[in-house]
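Following: one structure in structure tokens, then a few remarks.
The values are calculated or read from the model by the stated rules, or taken from the named source; none is laboratory data. Predicted model, so just to flag it, every value in this text is computed and none were measured. All Cβ positions, even for glycine, are placed from backbone atoms using ideal geometry, and neighbour counts span all protein chains on display. Areas reflect the complete protein model, heavy atoms only, side chains present, ligands, DNA and RNA absent. Shrake-Rupley method; radii C 1.70, N 1.55, O 1.52, S 1.80 Å.
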Amino acid sequence: MQAPLRERKRRKLVFVKWNYIRVVAALAGCVMLVTLLGAYALACSYVYLVPSLPPLDAMRNVELQVPLRIYTRTGSLIAQIGEQRRIPVTYEQIPEVVKHAFLAAEDERFFEHHGIDYFGVVRAVVIDVVSGEKTQGASTITMQAARNMFLNFDKTARRKLQETFVTYRMEHEFTKQEIFGLYLNVIFFGQRAYGVAAAAEAFFGKPLDKLDVAEAATIAGVPKAPSKYNPIVDPELATQRRGYVLRRMRELGFIDAATAEAASKEPMQARAHAPLFDVEAPYVAEMARLELRQRFGASAESAGYKVYTTIDGRLQADANRAVRIGLIEYDRRHGWRGPAGHIDLPAHGEPDFDDLVDEYASIGNLAPAIVQSVEGKSVHAYVKTLGPVQIEWEGLSWARKEGRNDTLGPVPQNAAQLLARGDIIYVVADGSGHAQLGQIPEAQGALVALDPNDGSIVSLVGGFDYFTNKYNRVTQARRLPGSGFKPFLYSAALEHGFTPATTLLDAPIVLEGNGVEEAWRPKNYEHAFGGPTRLRDALVHSRNLVSIRVLKAIGIQTAIDYISRFGFDPRSMPHDLTLALGTLETTPLEVAAGYAVFANGGYRVAPYFIDRIEDASGAVVWRATPRRVCEQCAGGSDDARAADTPLQVSDTSRGAPQPLKPEEVAPRVISAQNAYVMDDMMADVIKRGTGVRARSLGRSDIAGKTGTTNGPTDTWFNGFTRNLVATVWVGFDQERPLGEREEGSLTALPIWIQFMREALKGVPEQHRSMPAGLVTLRISPETGALVGAENPDGVPEIFMADHLPVAADAEAGNQGPAGPASSEPIF
């Protein structure tokens, strides 16, 4: 009985084991079949999707959309322009705290897995199941880099497979450091910012290497959901996300507990910041952008081009400040127009002042502020992003209320007559807790300065504030130059026989109309007449009536033909005697270029503002070839073209000195003698004429001319030294009078002085040597006739050797008719 029983048990056990083996074998077969089918499907998918995957060469040579960058001539950043804000950085340039923050937030096992983190997938599934919601992501840094660089964001199986294949390729073609660096340059953060460097700038207004732990954690928390965790859009959610990142950094040993706790307690300081720049020159940046589009097309704005301008960063800052101070001072002379707005403040408690004035933007050097309290002759205010300031009576007392017809109200006696708690105002803050009351100027201004030796623009300000009004008055505003045009006319007169001693009548003149128009009765600005006046004095004191007689004497067409040498379009000049008063329409840049001829000794140079353009690889794709002044080249480029050998004049702007080619030499357009005499006459404008305020600079190597039109609606000052020309214009965009007595010497000249004081600081005086062909003789200051050395009233005057005046005794003997070189008054 025992044996059969044991046999049955054995057979049963064998049967069970055999069935178990068959089941296991069947399961293994199924698994193998599924694996083979999966591998086959994967292989088929790969073959099918290969054409849609980026080639290896494209992956290796990926081109990011990099904004256009514009620099000064020394490499300081002016602007970056493009739809995407991106600042490419190398892996080595990324701070460790930023790397650690992103590893903690996105992929802690990045340096351990091979692109797909299977442990991470399991962990994410478990956590999501336990929590009941999707809180964990399984995408690795490599997968996110693949998605952002080469694929789209469609949530389809096809795109997921593409992402897997690209991830595999990247892991085999790139190092982990290269992948991490690419990821940190392409990931999107919102605010148009792509890459960590752009995010640091957009959220915190600082370079990447200046981020602290809290800021790095904030940025690392954004890519998971840029619209949700944007610290500007939702600071509360961003703070919660930052806390998670800091906790993970502590758990992974990247920071200690004390650092994590301190960083988590920091208030969220993120605010929208414009792209950082070293030099403020937005009008130049826009000019550069338009020039780049014209040369290389619209796509060039995001192709990583670098434009190096001729702008001098120091002089540009000086120009910005001079224009803004000058316009604010002009505006103050015409009264206080009241606060910009008002907000009812609570009687108790401290509101968020930054939030209250958030809708008000800084304009130029004026910052918005809200009045906190008014006490006697002082005001306490909160300046946006800066904090509390005090405005003393010195910064308030100017604010007489604006009246009708350009009149002013009574002088204020206390601050309460001007402001009240809750008023929104604009102030000029000095950064030390003090400020002055200001207001946005209604008038506008422009300043352009260039090097007269080659035409390079070293500073350009097209208005008070580019971001409130992008109209570039340096290049776009065509206004009347007024008396600032007279030097070109007087240069023509010197060329046609006149001398600085030529005497003309400063007396009323009536030009009859043609029956349709009324008679023209021009006047001097002061409505006074000086009688017989030497040409030099007529320029020094800007005598309109003398200038009209000069133009009438040399002929309108003769004058137009000559003045066009300075770069003015002859078609823009009126063919009548009003031309003598500067009635052509021209831009400040064209006027500055004309004055450069006087500054450089008689050569015409073309203004330019771009030195070179580089592509994303750093290769120079365009370089300026300006014509340069060459005093050693006999007569300029006209003579140089006849030479068979290159001109031996050093051009040091491109590194090693090289000889100038004939086509790079500026042509001479007026004689050296003419330029020298005009320079000397315009120096007298500053010494004793309408530009006398510029004597405050304490220099004897400056010259220039004021300009004022009827109204006055346009006011100018154009001045120069041997190596710097600057033109300033002040007026309203919609032409209207600037106010009584607001001539060029009061509006434009102070701006020019402010600029030149800084521009010439530390620069020694440079005087041009008197060229051959000029002689200095003594003349009578009343008649302009030659006098002997024994005459105590005689004054020295410069003459061209072929245009000498007659002596007084010769005149007395009636030596021929009066002419340009005669001392007898003309007309």
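Picking from residues in segment 284-341 that are of a type in the set (Phe, Trp, Tyr) and open to solvent by 30 Å² or more (accessible area, probe 1.4 Å), the one that is farthest from residue 759 (Cα to Cα) is 296.
Could you list all residues from segment 415-460 that are among the aliphatic types (A, V, I, L, M) and part of a loop (DSSP other than H, G, I, E, B)? Those that are among the aliphatic types (A, V, I, L, M) and part of a loop (DSSP other than H, G, I, E, B): 418, 419, 420, 440, 443. When segment 491-511 is filtered for residues that are of a type in the set (Asp, Glu) and either open to solvent by 10 Å² or more (accessible area, probe 1.4 Å) or within 15 Å of residue 555 (Cβ to Cβ) (or both), only 495 remains.
Do we have residue 352 as buried (at least 16 other Cβ atoms within 10 Å of the Cβ) and of a type outside the set (Ser, Thr, Tyr) here? So residue 352 fails the test. Go through 86, 69 for me and flag whichever is under 30 Å from residue 263 (Cα atoms), modelled with pLDDT of 65 or more and under 41 Å from the mean Cα position of the chain (by Cα). Of the residues listed, the single one that is under 30 Å from residue 263 (Cα atoms), modelled with pLDDT of 65 or more and under 41 Å from the mean Cα position of the chain (by Cα) is 86.
Restricting the search to helices (runs of 4 or more DSSP H) fully inside segment 177-281 and requiring at least 1 residues that are out of contact with any Leu (no Cβ under 8 Å at 6 or more places or on another chain), within 15 Å of residue 100 (Cα to Cα) and of a type outside the set (Lys, Arg) gives 213-220, 235-251, 257-265. Here is a check on your reading of the model: is residue 108 over 30 Å from residue 316 (Cβ atoms), in a loop (DSSP other than H, G, I, E, B), at pLDDT 85 or above and not aliphatic (A, V, I, L, M)? Here the answer is yes, as residue 108 does meet what is asked.
The conditions of being buried (at least 20 other Cβ atoms within 10 Å of the Cβ), within 35 Å of the chain's Cα centre (by Cα) and either part of a helix (DSSP H, G or I) or on the phi > 0 side of the Ramachandran plot (or both) are not met by residue 464. For segment 393-428, filtering for residues that are charged (D, E, K, R) and surrounded by fewer than 15 Cβ atoms within 10 Å (Cβ to Cβ) leaves 3.
When 762, 788, 784 are checked against the criterion of being open to solvent by less than 20 Å² (accessible area, probe 1.4 Å), out of contact with any helix residue (DSSP H, G or I) (no Cβ under 7 Å at 6 or more places or on another chain) and outside any strand (DSSP E or B), a single residue qualifies: 784. Residues that are among the hydrophobic types (A, V, I, L, M, F, W, C), in contact with a helix residue (DSSP H, G or I) (Cβ under 9 Å, 6 or more places away or on another chain) and without any contact (Cβ under 8 Å) to a residue 24 or more places away in the chain do not occur anywhere in segment 377-389. Residues that are open to solvent by less than 10 Å² (accessible area, probe 1.4 Å) and in a helix (DSSP H, G or I) do not occur anywhere in segment 602-613. Step by step: first the residues of segment 578-588, then only those that are assigned to a helix (DSSP H, G or I) and open to solvent by 30 Å² or more (accessible area, probe 1.4 Å), then the one that is nearest to residue 709 (Cα to Cα). Which residue is that? Of everything passing the filter in segment 578-588, 581 is nearest to residue 709 (Cα to Cα).
In this structure, does residue 643 turn out to be at pLDDT below 50, open to solvent by less than 70 Å² (accessible area, probe 1.4 Å) and over 14 Å from residue 604 (Cβ atoms)? It is true that residue 643 is at pLDDT below 50, open to solvent by less than 70 Å² (accessible area, probe 1.4 Å) and over 14 Å from residue 604 (Cβ atoms).
Checked against the criteria, residue 397 counts as free of Cβ contacts under 8 Å to residues at least 60 places away in the same chain and touching a Pro at 6+ places or on another chain (Cβ under 7 Å).
Which pairs turn up if I take residues in segment 156-185 that are more than 14 Å from residue 92 (Cα to Cα) and look for partners that are at pLDDT 75 or above and open to solvent by 10 Å² or more (accessible area, probe 1.4 Å) with beta carbon separation below 7 Å, at least 6 apart in sequence or on another chain? Here the result reads 163/143; 167/143, each pair linking segment 156-185 to a residue that is at pLDDT 75 or above and open to solvent by 10 Å² or more (accessible area, probe 1.4 Å).
Screening residue 536 with (1) free of Cβ contacts under 8 Å to residues at least 60 places away in the same chain; (2) more than 30 Å from residue 457 (Cβ to Cβ) gives one miss only, at (1). Within segment 527-567, the set of residues being open to solvent by 10 Å² or more (accessible area, probe 1.4 Å) and among the hydrophobic types (A, V, I, L, M, F, W, C) comprises 528, 529, 553, 554, 556.
Of 799, 827, all but one fail to be modelled with pLDDT under 90, surrounded by 13 or more Cβ atoms within 10 Å (Cβ to Cβ) and of a type in the set (Phe, Trp, Tyr); the exception is 827. Residue 339 meets the conditions (1) without any contact (Cβ under 8 Å) to a residue 12 or more places away in the chain; (2) in a loop (DSSP other than H, G, I, E, B) in every case but one. The failed one is (1).
The rows are residues; the columns are (1) aliphatic (A, V, I, L, M); (2) farther than 30 Å from residue 282 by Cβ; (3) modelled with pLDDT of 65 or more.
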position: 30; (1), (2), (3): no, yes, yes
position: 37; (1), (2), (3): yes, yes, no
position: 48; (1), (2), (3): no, yes, no
position: 51; (1), (2), (3): no, yes, no
position: 57; (1), (2), (3): no, yes, no
position: 82; (1), (2), (3): no, no, yes
position: 101; (1), (2), (3): yes, yes, yes
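For segment 547-567, does any single residue satisfy the condition of being in a helix (DSSP H, G or I), aliphatic (A, V, I, L, M) and under 31 Å from the mean Cα position of the chain (by Cα)? Let's see the steps before the verdict.
As a first pass, look at segment 547-567 and keep what is in a helix (DSSP H, G or I): 547-554, 556-566.
In the following step, the residues that additionally are aliphatic (A, V, I, L, M) were identified as 548, 550-551, 553-554, 556, 559-560, 563.
Filter again for under 31 Å from the mean Cα position of the chain (by Cα), leaving none.
No: segment 547-567 contains no residue that is in a helix (DSSP H, G or I), aliphatic (A, V, I, L, M) and under 31 Å from the mean Cα position of the chain (by Cα).
In segment 503-511, the count of residues that are touching a Lys or Arg at 6+ places or on another chain (Cβ under 6 Å) and without any contact (Cβ under 8 Å) to a residue 60 or more places away in the chain is one or more. Taking the criterion of being of a type in the set (Gly, Ala, Ser) and at pLDDT 85 or above, the residues of segment 484-521 that qualify are 484, 491, 492, 493, 497, 501, 507.
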